[in-house]
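Everything below concerns the one structure shown next.
The values are calculated or read from the model by the stated rules, or taken from the named source; none is laboratory data. Quick caveat: nothing in here was measured; it's all calculated off a predicted structure. Here the Cβ positions follow ideal geometry from the backbone for every residue, glycine too, while neighbour counts run over all protein chains shown. For the accessible areas, the whole protein counts, side chains as well, though only heavy atoms, and no ligand, DNA or RNA atoms are used. Shrake-Rupley method; radii C 1.70, N 1.55, O 1.52, S 1.80 Å.
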Amino acid sequence: MSASLRGNWNYPTTIWAGPGRIAELRAACERVGIRRPLIVTDEGLVGTPMIKNALAALEGNAALRDTAPIEFAAVFGAVRGNPALSHVEAGLSAYRSGRHDGVIAFGGGSALDAGKVVAFMSGQSRPLWDFEDIGDWWTRADPAGIAPVIAVPTTAGTGSEVGRAGVILNEETHQKKIIFHPQMMPRIVIADPELTVGLPRAVTAATGIDAFVHCFEAYCAPGFHPLADGVALEGMRLIHRYLPRACANGKDIEARAQMLAAASMGATAFQKGLGGVHAIAHPVGSWFNTHHGLTNAVLLPYVMTFNRHAISDKTDVIARVLDLPERGFDGFLAWVLALRTELGIPHSLAEIGVHTDNAEIIGREAALDPSASGNPIPVDAARLQSIFRAAVNGTLGAVDSAA
Ligand SMILES: [Fe+2]
């Protein structure tokens, strides 16, 4: 193991980073007082050696017995991509019937979000949608009814492991709702890059660009937040350097470790805000069930070119930090387009099954999405619909904010 890839960090939460650290899962449970953990994971992971090894790690080393015993551990593995209320309800029923006292959210963004929301809802009496991230609705929650969470990410993108919210789909309205509470932040994150080496190249690419978009939109969002800006710039530098390496060789542990860190940095930075890419990606994901990271990866240049006049100073800084051969907005855009091509990301949303039949609804819902308020140029439903149409059709530069 490379000692340089190992670290214990204390912001934005406790993070145990480094290869092989999943072996410390039992110690993490003891640290936060979990004796009956429910592992919440997705359909793709349940039954894999990764989950079996996690259960073995919970049993601990019988010879050492250096930590308090785990009374009972179980796995709820029915989370799907773009998790919905029905997944949360099924997880809650597993949590209650097993009399669990904490959640190990294990997997990609969907499993992490679902696990966090199950833990949050475990002791609440009001319905889930009462806790949407609107105004001070989070104060409706009973803090004593929020179970502790240990997060174990297996993709490097969403950053949900260091987030205080979970995105849950309302299947009746086709809307993704952000459920927020400050105590939804996982108590401990185990950031073990060995858990990400099996990720297919396409998922590595899509989730990695999602992390990049988190950093980019946070950096470009208006507002005074130098802490977030600094984290975002370094996150982009790491992704520029290591995402192509992680895609070229999935077993490159250094690249995987740096990408895992960059993903957490993206979600740390976007406490400042996001922007038009996420505002459009959310309703597109709700209506077309597209992969979130891939949707963002396709959308990024269309929203960038729309914002061009408001972000040219910032993209110049980014181009210098990334040490791109061509500086300024054009140099940065050229790099984004080349990276997408190198990683096999399609150029238009049409290529991932999205059409414009309900473009009006997409525009309207994008305008209502909380991410829209972070866009550097104010956007309304009509402008977002135009950007969406351009992205479906692959007509880059078709929508000019100055028009
Ligand atoms: Fe995202």
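Of note:
- Accessible area (Å², per residue) of the chain, counting only protein heavy atoms and a probe of 1.4 Å: 39 Å²
- Partners of LYS251 within straight-line reach, counting lysines whose Cα lies under 25 Å from its Cα and excluding those fewer than 8 residues away in the same chain: LYS52.
- Take every pair of alpha-carbon atoms less than 8 Å apart whose residues are at least six positions apart; their mean separation over the length of the chain yields a relative contact order of 14 percent.
- Among HIS291, HIS100, the sequence by solvent-accessible area, most first, with a 1.4 Å probe is HIS291, HIS100.
- Basic side chains Lys and Arg get +1 at the Cβ, acidic Asp and Glu get -1 at the Cβ, and with that the dipole of the range 325-403 about its Cα centre reaches some 80 debye.
- Cα centroid separation, the range 339-373 to the range 277-298 (Å): 6 Å
- Area of ILE22 that stays accessible when all protein chains are in place (1.4 Å probe, Å², to 10): 30 Å²
- FRET efficiency, 1/(1 + (r/R0)^6) with R0 51 Å, evaluated for ARG140 and ALA334 via beta carbons: 0.60
- Using the Cβ-Cβ distance between LEU55 and ASP130 with R0 set to 41 Å, the FRET efficiency from 1/(1 + (r/R0)^6) comes to roughly 0.75.
- Taking all protein chains as they are arranged and a probe of 1.4 Å, the heavy atoms of THR14 leave approximately 40 Å² accessible to solvent.
- In a DSSP loop and with at most 10 other Cβ atoms within 10 Å, the trypsin sites (Lys or Arg not before Pro) in the range 197-279 are LYS251.
- Nearest-ten-degree value, helix 109-121 long axis tilted from longest Cα axis of the chain: 60 degrees
- ³J(HN,Hα), Karplus 6.51/-1.76/1.60, whole Hz, each residue of the range 358-363, x for Gly, Pro: 10, 4, 5, 5, 4, x
- Most mobile listed residue (PHE120, PHE72, PHE180) in the chain, GNM with C-alpha springs under 10 Å: PHE72
- Portion, in percent, of the accessible area of the chain that falls on carbon or sulfur, probe 1.4 Å: 52 percent
- Computed with a 1.4 Å probe on the full set of protein chains, the accessible area for ASP136 sits at about 100 Å².
- Using the Cβ-Cβ distance between ALA248 and ARG6 with R0 set to 22 Å, the FRET efficiency works out to roughly 0.40.
- Against the main long axis of the alpha-carbon atoms of the chain, helix 292-321 sits at an angle near 60°.
- Distance (nanometres) between label positions extended 7 Å along Cα→Cβ at SER97 and THR395: 5.3 nm
- Of the GluC sites (Glu not before Pro) found in the range 147-235, those in coil by DSSP whose Cβ has at most 16 other Cβ atoms within 10 Å are GLU171, GLU172.
- Between helix 49-59 and the chain there is an angle of about 40 degrees, using the helix long axis and the longest principal axis of the Cα atoms.
- Solvent exposure ordering (accessible area, 1.4 Å, most first) of ILE39, ILE134: ILE134, ILE39
- Helix-only [θ]222 nm of the chain, DSSP H runs n ≥ 4, -39500 (n - 2.57) each, per residue, nearest 500: -15000 deg cm²/dmol
- Here LYS314 is the anchor, and the lysines within straight C-alpha reach of less than 24 Å, apart from those fewer than 8 places off in the same chain, are LYS272.
- The candidates SER286, SER4, SER86, arranged from most to least accessible area with a 1.4 Å probe in the full protein assembly, appear as SER4, SER86, SER286.
- Centroid-to-centroid separation of the range 149-163 and the range 31-62 [C-alpha atoms, Å]: 15 Å
- Only aspartates and glutamates eight or more places from LYS177 in sequence, or on another chain, were considered; those with a Cα closer than 14 Å are ASP113, ASP130, GLU132, ASP133, GLU365, ASP369.
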